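What follows is a short report on a single structure.
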Amino acid sequence: MTDMSDLRGSDLKHCPQCGRALPVSEFHRNARRPDGLAFYCKQCAAERSEASRRKRGVKEQRRASEPVPEGSKWCPDCEEVKPLVDFARTKASKSGYHTYCRPCHNARGREAKQRLYGGTREYHLRHRYGITDAEAKELLAEQGGVCAICGAPDPQHVDHDHRTGWVRGILCFNCNGGLGQFRDSPAYLAEAITYLKGTTWQRTLIHPGVYRISSPTRGRPPSRSS
């Protein structure tokens, strides 16, 4: 065992794990400690970290059996070396890329959503709108199983107030997209109704089975040459 008194004033530091006196460069920086260095040397710190991961049930990280060429990356799931363009970018990693290639990364995401939420739709509804699939089905049942606007059967799109996040109903693709295009503005929608009434042939019921056809009050008919 190295005498700590021999290390004072030197560029060496004693590691209590392996008992070696090592250069300070072999220790990670730690501003919270008096000497500004980690308690254990880098090697011992890595071994302790790995042992802790195994104890917590985290599987050992797999590594490529051969050197990976520059501009490429090895995927631990499919065990293939692929160009970096096959890996999604992320700021959470030192390399700037996700650990797994895009197909494997997506497959892991689908598996996690199925395991934790019972499916992709449940995950999407909870994270996007704060409701469950059961609540969405209940809301659709209250609407009679049809779009809340046009009455189309089996609508799939959750409509919500973009300002408050409040879920308003279940709409078909066209109605949901239409509200979005009009920016949820009652004023714009009212103007659109006025516009349509003034530019579209109108059919008015005057007697049972008898209609009056009114021509548009504005607009221009198609050219005879068209």
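Observations, loosely collected:
- Pick from the stretch 111-144, criterion in contact with a Phe, Trp or Tyr (Cβ under 8 Å, 6 or more places away or on another chain) and closer than 27 Å to GLN61 by Cβ, ranking: surrounded by the fewest Cβ atoms within 10 Å (Cβ to Cβ): LEU116
- Listed by position, the strands (runs of 3 or more DSSP E) enclosed by the stretch 120-214 that each have at least 2 residues that are farther than 30 Å from ARG108 by Cα are 167-171, 202-207, 210-214.
Okay, residues lined up against (1) free of Cβ contacts under 8 Å to residues at least 12 places away in the same chain; (2) exposed (fewer than 14 other Cβ atoms within 10 Å of the Cβ); (3) within 25 Å of the chain's Cα centre (by Cα); (4) over 30 Å from GLY130 (Cβ atoms):
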position: HIS28; (1), (2), (3), (4): no, yes, no, yes
position: LYS42; (1), (2), (3), (4): no, no, no, yes
position: SER52; (1), (2), (3), (4): yes, yes, no, yes
position: VAL68; (1), (2), (3), (4): no, yes, no, yes
position: CYS75; (1), (2), (3), (4): no, no, yes, yes
position: ASP86; (1), (2), (3), (4): no, no, yes, yes
position: GLY109; (1), (2), (3), (4): yes, yes, yes, no
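- Hits in the stretch 163-211 - residues which are aromatic (Phe, Trp, Tyr) and within 26 Å of VAL146 (Cα to Cα): TRP166, PHE173, PHE182, TYR188
- Any hit, the stretch 93-105, residues being under 29 Å from ASP11 (Cβ atoms), under 34 Å from the mean Cα position of the chain (by Cα) and either part of a loop (DSSP other than H, G, I, E, B) or in the same structural domain as ASP11 (by TED's automatic domain parsing) (or both): yes
The values are calculated or read from the model by the stated rules, or taken from the named source; none is laboratory data. Quick caveat, the model's predicted, so the values are computed rather than measured. FYI the Cβ positions are ideal-geometry reconstructions off the backbone, even for glycines, and counts take in every protein chain you see.
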